[in-house]
Amino acid sequence: MSEIIEPVQGFKSGFAAIIGAPNVGKSTLLNTLIGEKISITSSKPQTTRNRIAGVCHQPGFQIVFLDTPGIHQTKKPLNIRLVEVAMAAISDVDLILLVIDAAAPEPKSEQLILNKLKNRRHPPVILAINKIDKVKKPKLLHLIDHWAGACDFVEIVPVSATEGTQVDALLAAMKKLLPDGPPYFPEDMITDMPERFIAAEMIREKVFDLTDQEIPFSTAVTIESFEELPKQNLVRIHAAIHIERDSQKGIIIGKQGAMLRQIGEAARLDMERMTGTRVFLKLFVRVEKNWSTDDRAMRKLGY
Ligand SMILES: Nc1nc2c(ncn2[C@@H]2O[C@H](COP(=O)(O)OP(=O)(O)O)[C@@H](O)[C@H]2O)c(=O)[nH]1
Ligand SMILES: [Mg+2]
């Protein structure tokens, strides 16, 4: 059955892909635009692994943002997959929001992205220069100057995703590019991802926060069961943390289970905020040998 969405007189709507190098603040910006945390973020690269839609409801218009993994040069099978996910999001959108980090240029990844944009037909591109809270005015002006010549951007908007600076200006710039269209999503819907996906992501985010070196990149999380018990105002979640090697198991579990407890407690608090109920979270640790280099295992784990 196909659902027909009725157009609304004078309403504008469209899809916008958020792309950029790893770690420039794409997911943080998405959360700021939506006004709620739906995409996990961290100070480490390759945090986002899926295309995550976030719906921004505004008076008179609606933008469906697609958050994507960072585009970068890589030979690692998982990362190749992530770049494919990001590139796939560029087609079929009404506009592209390219995000760069004002404080940390990534010339290699940036050039790669610009080349990809050059070599294909694509929708209009707005450049968001993010993290302006970290740079001084003269440097910012220099950056704007430099980027203005790099590509045919419709507009260049300096922003700070963490402080919310200039996010309104960014929305206004995007609104101008939206075609007339219906609200694709109802007012109360802010993402297309199910709660169980976001719950798994919350756990993965804590692993990114609390562990180092290769551990975050070797971790995948699956939800084994997600049981809603409204009468008890409770959601019971069983989740598995998958790592790649036996030697990583001890690190994730920690001394007398301390690390796993810390991950679980932090994730549970996020989940309680999301569900608005109490959450009972039980974590298991499994070894899925070398999953990040194995196509079948990656698919099994959701990539
Ligand atoms: N100072 C500052 N940090 C930011 C800003 N936006 C994002 N960050 C930080 O940059 C890091 C990467 O953010 P994330 O959204 O995960 O980047 P992504 O990989 O592009 O999705 C995180 O530590 C964020 O807190 C910003 O506007 N200012
Ligand atoms: Mg991200």
**Fill in**
Semi-axes of the chain from the Cα gyration tensor (sqrt of 5 times each eigenvalue, largest first, whole Å) come to 33, 24, 18
**Request:** For segment 227-303, just say rounded, prolate or oblate: build the C-alpha gyration tensor, square-root its eigenvalues into a ≥ b ≥ c, call rounded for a/c under 1.5, and beyond that prolate if a/b exceeds b/c, oblate if not.
**Result:** oblate
**For Ile113, Ile223, order by how many other beta-carbon atoms lie within 10 Å, fewest first** = Ile223, Ile113
**Item:** Cα-based radius of gyration of segment 200-259 once divided by 2.2 N^0.38 Å, which approximates compact folds
**Value:** 1.29
**Item:** Alpha-carbon centroids, segment 268-289 and segment 65-103: separation in whole Å
**Value:** 28
**Fill in**
The extension gain from Asp133 to Met189, computed as 0.36 nm times the residue separation minus the Cα-Cα distance, is 17.1 nm
**Fill in**
By the mean-Cβ-within-10 Å protection proxy, highest first, 249-259, 50-60, 27-37 rank as 27-37, 50-60, 249-259
**Request:** Quickly work out the Glu163-to-Glu265 label distance, labels modelled 7 Å from Cα along the C-beta direction, and quote it in nm with one decimal.
**Result:** 3.3
**Item:** Amide N of segment 256-285 lying under 12 Å from the label point, which is placed 7 angstrom from the Cα of Gln232 along Cα→Cβ
**Value:** 278-281
**Complete:** Amide H neighbours of Val221 at under 5 Å, excluding residues fewer than 5 places away on the same chain, with H built from the backbone geometry, are His242
**Backbone HN-Hα couplings from phi across segment 138-144 [Karplus 6.51/-1.76/1.60, Hz, Gly and Pro as x]** = x, 5, 5, 4, 4, 4, 4
**Asked** For segment 12-175, what size does the Cα cloud have along each of its three principal axes, sorted from largest down, in whole Å?
**Response** 42, 35, 32
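Every number in this text was worked out from the coordinates using simple rules, so none of it is lab data. If you're wondering where the values come from, they're calculated on a predicted model, not measured in any experiment. In this analysis, Cβ positions are derived from the backbone assuming ideal geometry, glycine residues included, and neighbour counts consider all displayed protein chains.
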